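Colleague: If you scroll down you'll find the structure; I have some questions about it.
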Amino acid sequence: MILIIDEMVLFVVGVASSRHISYYDGSPNSRPMISQQQERRICAELCMSGLGGEPCGSDCLDMIPQGLPTKSSHQSSEEPSPDYTRQAVCPVLCENRLGFPLCNCTYSLQTTLQPFFRVNFVEICSRFCLQYGYQLYGCNTCDTYRNMTGIASKASRQLYDWNSWCLSMCKEGDGGSACYCDLLPLGLKLD
């Protein structure tokens with residue numbers, strides 16, 4: 001009986017909050033979101049490329065490409081070879097506990113002990129797109145991240161009247177965590 005009630009509560013909470021979950025549509029109020037299914041796809045590509053890690057699950061180690069060459073002190077460096085790597089994404093991958101084994105990340109004890117650590121897949125997708133024009137499997141299109149940075153740079157130059165926005169949002173019953181809608185007097189009309 002308790003299990004059924006718990007599932008019903010989760011269902012109701014999910015339905016009630018579903019209107020707040022939106023995918024990027026290019027408008028200034030929208031930000032790209034990555035679903036769990038997309039996260040798994042991104043992890044699969046990263047793991048199969050030798051750029052996965054612990055947040056992608058224990059199966060990630062099984063997907064690491066076999067036969068990765070190791071650096072040897074006996075290799076001659078007479079002629080520089082072209083660089084085909086995407087090493088510029090390593091700092092972002094390392095910050096998110098990914099990049100194993102190719103990025104040679106060293107994780108601080110503080111990073112590995114964070115109990116509620118969450119990988120920032122939007123940042124990872126954005127870096128691959130903006131740095132290399134490469135869309136990881138599971139990420140939104142690269143245009144999404146290009147548009148997002150354009151909107152962010154335009155929005156950062158404007159000053160917003162937060163209080164007016166909150167009054168408007170509270171009137172609609174949708175102030176969220178940005179506004180104290182619950183503190184408005186009951187008799188106050190927001191016309």
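The values are calculated or read from the model by the stated rules, or taken from the named source; none is laboratory data. All values reported here derive from a predicted model rather than from experimental measurement. In this analysis, Cβ positions are derived from the backbone assuming ideal geometry, glycine residues included, and neighbour counts consider all displayed protein chains.
Colleague: Testing Val12 on (1) surrounded by 10 or more Cβ atoms within 10 Å (Cβ to Cβ); (2) at pLDDT 80 or above; (3) not acidic (Asp, Glu), one condition comes back false. Which one is that?
Modeller: (2)
Colleague: Just checking, how many residues over the range 104-131 are in a helix (DSSP H, G or I), at pLDDT 90 or above and not aromatic (Phe, Trp, Tyr)?
Modeller: Summing the residues that are in a helix (DSSP H, G or I), at pLDDT 90 or above and not aromatic (Phe, Trp, Tyr) in the range 104-131 gives 9.
Colleague: Does Leu190 satisfy the criteria of being among the aliphatic types (A, V, I, L, M), loosely packed, with under 10 Cβ neighbours inside 10 Å and modelled with pLDDT under 80?
Modeller: Numbers: among the aliphatic types (A, V, I, L, M): yes; loosely packed, with under 10 Cβ neighbours inside 10 Å: no; modelled with pLDDT under 80: yes.
Answer is no for this residue.
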